[in-house]
Amino acid sequence: MKWVSVNSNSTNENFELWKQDQKLATVSFSTKTHIVRLVSNLGKRLFFFEKRGLLNPRTVIANEYGIQIGKFELDMYTPQKGVVELDGRKYCFQKNPNNAAELSVYDEEMQNNLIDCSFNMVTSGLSKTKTLLDAKFPSLLLLVCWYALVPHHSPYSEVAA
């Protein structure tokens, strides 16, 4: 999978999630409000992202009803690794050492690679001094995991009317 930046203006950035030659989802990210609108074959969804924590910084995702459904945390010793928690399940992620824009998501024991996703178009303006928490990575990575890993019959994935 890969994220492609479609266009951006001063308030919104638009991305598309692609798997080979098939578009899976379109995402509009508001840089002011940190609200993400997702349109896919699963329906239209609204997600809220919030940075929390001072000593242990993380990004939290809530659905359109304000219910927290997941979080994104970096490893405190290796900022190239971290944990994504969704629907009560934990997944580990790691940046590809050969390509800074590639992330791989593994099961909790780091045994099975579940998803590979490219963030090339998203990282083009990212400086080396910023961490993954300073970019769009948390929201886009959480959405990739939600789209690909959460069973869409769970209460967290109900499509809003």
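The values are calculated or read from the model by the stated rules, or taken from the named source; none is laboratory data. Keep in mind it's a predicted model, so treat the numbers as computed, not measured. Every residue, glycine as well, gets a Cβ built from its backbone with ideal geometry; the counts of neighbours run over all protein chains shown.
Mind listing whichever residues of the stretch 16-60 are of a type in the set (A, V, I, L, M, F, W, C), within 28 Å of Met76 (Cβ to Cβ) and at pLDDT 85 or above?
Of everything in the stretch 16-60, those that are of a type in the set (A, V, I, L, M, F, W, C), within 28 Å of Met76 (Cβ to Cβ) and at pLDDT 85 or above turn out to be Val36, Phe47, Phe48, Phe49, Val60.
From (1) closer than 19 Å to Trp146 by Cβ; (2) touching a strand residue (DSSP E or B) at 6+ places or on another chain (Cβ under 6 Å); (3) of a type in the set (Asp, Glu), pick out the condition that doesn't hold for Asp75.
(1)
So, in the stretch 101-117, of the ones that are at pLDDT below 80 and within 16 Å of the chain's Cα centre (by Cα), which residue ends up surrounded by the most Cβ atoms within 10 Å (Cβ to Cβ)?
Selected residue: Leu103.
Is there any pair linking a residue in the stretch 14-40 that is in contact (Cβ under 8 Å) with a residue 12 or more places away in the chain and under 14 Å from Ala148 (Cα atoms) to one that is in a strand (DSSP E or B) and charged (D, E, K, R), with Cβ under 6 Å and at least six apart or on different chains, and which?
Final answer for the pair search is Trp18/Lys2; Leu38/Arg45.
Residues are listed down the side, and each one gets a yes or a no for (1) modelled with pLDDT under 85; (2) touching a helix residue (DSSP H, G or I) at 6+ places or on another chain (Cβ under 9 Å); (3) aromatic (Phe, Trp, Tyr):
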{"site": "Ala62", "(1), (2), (3)": "no, no, no"}
{"site": "Ile67", "(1), (2), (3)": "no, yes, no"}
{"site": "Lys71", "(1), (2), (3)": "no, yes, no"}
{"site": "Asp75", "(1), (2), (3)": "yes, no, no"}
{"site": "Val84", "(1), (2), (3)": "no, yes, no"}
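Working only within the stretch 32-52, note down all residues that are under 16 Å from the mean Cα position of the chain (by Cα) and among the hydroxyl-bearing types (Ser, Thr, Tyr).
Ser40
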